[in-house]
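S.K.: Take this structure first; my questions come after.
The values are calculated or read from the model by the stated rules, or taken from the named source; none is laboratory data. On a predicted model such as this, the values are computed, not experimentally measured, just so you know. No Cβ is skipped: glycine too gets one built from the backbone with ideal geometry, and neighbour counts run over all protein chains shown. Surface accessibility is based on the protein's heavy atoms, side chains included, excluding ligands, DNA and RNA. Shrake-Rupley method; radii C 1.70, N 1.55, O 1.52, S 1.80 Å.
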Amino acid sequence: MDSRIEGFYKLEPRERLSAVADRAGLSAAAVDQLQNTGLDLESASDVSENVIGTLEYPLGIATNFRIDGSDRLIPMAIEETSVVAAASYAARMARETGGFETHVSGPKMIAQIQATGVSAPESAKVKILRESDDLIDLANEQDPVLVEHGGGCEEIEVRVVETPRGAMLVVHLIVDVRDAMGGNAVNTMAEALAPEIERLTRGDVSLRILSNLADRRLARATCTIPPAALESDETSLSGAAVRDRIVDAWAFAAGDPYRAATHNKGIMNGIDAVATATFNDWRAIEAGAHAYAARDGYGPLTSYEVDADENLACTIELPIQVGTVGGATRLHPVAQAAMDILDVESADELAGIFAAVGLAQNLGGLRALVSEGIQAGHMSLHAKNIATQAGAPEHLVDEIAAQLVAEEAVRQDRAEELIDEYT
Ligand code: MEV
């Protein structure tokens, strides 16, 4: 499969779908779902409460991705302009040097059990650790299917946490959740262990819930960009200058949380779009990403360096809590088609793709920001929306939008004047 599709953006949506269907070997049923965007009301009611309708997002395909030696087409559901284009652009730059390489630490989630009113927390900690094996067995009895698939609770950690209400004893269950996101599995285990923790601590167990700071489930990706690939026609900056500005942009984020927030938002543009397309829980991923970014004072989730060959070395590391089984992914026929396009075999493989997309998104955004700026790209799409909203007939939208951009007057009133002139 070749993820480089020449002129993909110039095709009509139906032609794009057919190109993707051919390459990804999609079934007729999956193509049908993509054309008819179907989560029916009854199925929607099984996902959430008080349902009265469904809401559609544009589903785009980022092209050019090569990840760990395999080409991938990336489904992205997002309402923001330029995101899919920037990811595809960066993936094309990375492709020249082999694309992205990923590393995933393994699908391990953490569940927390909070015990309050423990009078001797340090000694209670030892009591719990001495019974770790039995506690692990009890946790695993809750999910024999997970254990059968090679997963299950592997470790018990105990922390004494200072809080505004005094010291609390916090037990962590470290659970290999295999290909699930794992929320239900670990929460059930935590609830089952609660009475034992109360017995051992003689305290009061309250919360029993997973932690979204999933730092045992880290996904990493790298890519290398030669300076020549970064040259900017629009600004006449050399590739080396763009490279150095990107490193400075990263340093800015590393030194200033106001910038780091936006830097990371750019990363999450890509990651959330893939999460939405696959019906994964993007709130969990967001929470984990920002908590991880804040572990030593809030900073960027990517880093940029100049390597020994003067290339830009790009890296990302963040928790990615996603699943390929269980959860809601299978409930949405379009999400199912998106998973067919991604064609992954495990949650780890999917997490690696999320990391690569986050890195590409950030690299694409920074490249534009340090050179021509992002408004040029945004404005041409925005101008089309303005022209349409002003009532431009379909055959004139592109022409009027181009004129609005050329005049630097992307406004409804000017669009209306142009429509009068052209019709
Ligand atoms: C826009 O949604 C995202 C960016 O602002 C990210 C960034 O500034 O790095 C372009």
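S.K.: Identify, among Asn264, Ile52, Gln336, the residue whose Cα sits farthest towards the positive end of the charge dipole of the chain, taking +1 on the Cβ of Lys and Arg and -1 on the Cβ of Asp and Glu, with the dipole about the Cα centre.
M.R.: Going by the Cα projections, it comes out as Asn264.
S.K.: Name the residues of the stretch 149-179 whose amide N is less than 17 Å from a point 7 angstrom out from the Cα of Thr116 along the C-beta direction?
M.R.: 160-171
S.K.: If you build a Gaussian network model of the chain, linking Cα atoms that sit under 10 Å apart, which residue out of Ala390, Ala44, Ala338 swings the most?
M.R.: Top of the fluctuation ranking is Ala390.
S.K.: Still on this structure: Rolling a 1.4 angstrom probe over the protein heavy atoms, how many square angstrom per residue are accessible across the stretch 275-423? Please report the intermediate quantities before stating the final value.
M.R.: Details: 6340 Å² over 149 residues.
Result: 43 Å² per residue.
S.K.: While we're looking at this one, here's another question. How would Glu131, Glu394 line up by accessible area, probe 1.4 Å, largest first?
M.R.: Working: Glu131 55, Glu394 170 Å².
These residues rank, largest area first, as Glu394, Glu131.
S.K.: Still on this model: Just to be sure I understand: with springs between alpha-carbon atoms less than 10 Å apart, which residue in Gly38, Gly166, Gly182 has the highest mean-square fluctuation in the Gaussian network model of the chain?
M.R.: Gly166
S.K.: Could you tell me the accessible area of Thr262 in Å² (1.4 Å probe, neighbours in place), rounded to the nearest ten?
M.R.: That residue has around 80 Å² of solvent-accessible surface.
S.K.: Quick one: helix 83-95 against the long Cα principal axis of the chain, what's the angle to the nearest 10°, folded into 0 to 90?
M.R.: Result, in degrees: 90.
S.K.: On full extension of the chain, what length is gained from Glu15 through Val161, given 0.36 nm per residue of separation minus the C-alpha to C-alpha distance? Working shown, then result.
M.R.: Values: separation 146, 0.36 × 146 = 52.56 nm, distance 5.69 nm.
Difference between extended and current length: 46.9 nm.
S.K.: For Lys127, what accessible surface area do you get with a 1.4 Å probe? Give it in Å², rounded to 10.
M.R.: Estimated to the nearest 10 Å², Lys127 gives 100 Å².
S.K.: How large is ³J(HN,Hα) for each residue in the stretch 58-72, as worked out from phi by the Karplus curve 6.51 cos²θ - 1.76 cosθ + 1.60 (θ = phi - 60°), to whole Hz, x for Gly and Pro?
M.R.: Along the stretch 58-72, the couplings run x, 10, x, 10, 7, 9, 6, 6, 10, 10, 6, x, 10, 6, 9 Hz.
S.K.: Heavy-atom accessible area of Tyr422 with all protein chains present, probe 1.4 Å, nearest 10 Å²?
M.R.: Tyr422 exposes around 80 Å² with every protein chain in place.
S.K.: What 222 nm value per residue comes from the helices of the chain, counting each DSSP H run with n ≥ 4 as -39,500 (n - 2.57) and dividing by all residues, nearest 500 deg cm²/dmol?
M.R.: Numbers: 16 runs with 205 residues, N = 423.
Using -39500 (n - 2.57) per qualifying helix, the result is -15500 deg cm²/dmol.
S.K.: Still on this structure, please answer the following. Provide His149, His263 ordered by accessible surface of protein heavy atoms (probe 1.4 Å), highest first.
M.R.: Working: His149 120, His263 0 Å².
So the residues, ranked largest to smallest area, are His149, His263.
S.K.: Rounded to the nearest 0.05, what FRET efficiency is calculated for Gln389 and Glu345 with R0 set to 41 Å and r the Cβ-Cβ distance?
M.R.: So the FRET efficiency works out to roughly 0.40.
S.K.: Using a 10 angstrom cutoff on alpha carbons, build the Gaussian network for the chain and name the most mobile of Gln403, Gln336, Gln361.
M.R.: Gln403
S.K.: Let me check something: with ligands and nucleic acids excluded, how do Glu12, Glu155, Glu286 order by accessible area (1.4 Å probe), largest to smallest? Mind dumping the intermediate values first?
M.R.: Working: Glu12 115, Glu155 70, Glu286 40 Å².
Output order, biggest surface exposure first: Glu12, Glu155, Glu286.
S.K.: Report in % the part of the accessible area of the chain that belongs to carbon and sulfur, leaving out ligands and nucleic acids; probe 1.4 Å.
M.R.: In the chain, the share of accessible area belonging to carbon and sulfur is 48 percent.
S.K.: Something else: Using θ = phi - 60° and the Karplus form 6.51 cos²θ - 1.76 cosθ + 1.60, what ³J(HN,Hα) does each residue of the stretch 391-396 get, whole Hz, x for Gly and Pro?
M.R.: Whole-Hz 3J(HN,Hα) from phi for the stretch 391-396: x, 5, x, 3, 6, 10.
S.K.: Using the Kirkwood radius built from alpha carbon pairs, what does the Stokes-Einstein equation give as D for the chain at 10 °C and 1.306 mPa s, in µm² per second? Walk me through the numbers on the way to the answer.
M.R.: On the way: Rh = 23.7 Å.
For the chosen part, D equals 67 µm²/s.
S.K.: Spelling out what I want: for every residue of the stretch 108-118, take phi, set θ = phi - 60°, compute 6.51 cos²θ - 1.76 cosθ + 1.60 (Karplus), and round to whole Hz; glycine and proline get x.
M.R.: Listing the rounded values in order: 9, 9, 10, 10, 10, 10, 9, 10, 10, x, 8 Hz.
S.K.: Now for a different question. Rg/Rh for the stretch 248-365: what does it come to with C-alpha atoms and Rh from Kirkwood?
M.R.: On the way: Rg = 15.1 Å, Rh = 14.9 Å.
That ratio is 1.02, to two decimals.
S.K.: Taking the solvent-accessible surface of protein heavy atoms with a 1.4 Å probe, what is the per residue accessible area of the stretch 108-211 in Å²? Please list the in-between numbers first.
M.R.: Values: 5260 Å² over 104 residues.
Per-residue accessible area for the stretch 108-211 comes out at 51 Å².
S.K.: Now for a separate question. Mind checking the full-extension length gain between Ser70 and Glu6? Use 0.36 nm per residue of separation minus the Cα-Cα distance, one decimal, nm. If you can, show how the numbers build up before the last one.
M.R.: Working: separation 64, 0.36 × 64 = 23.04 nm, distance 1.80 nm.
Stretched out fully, the Ser70 to Glu6 stretch lengthens by 21.2 nm.
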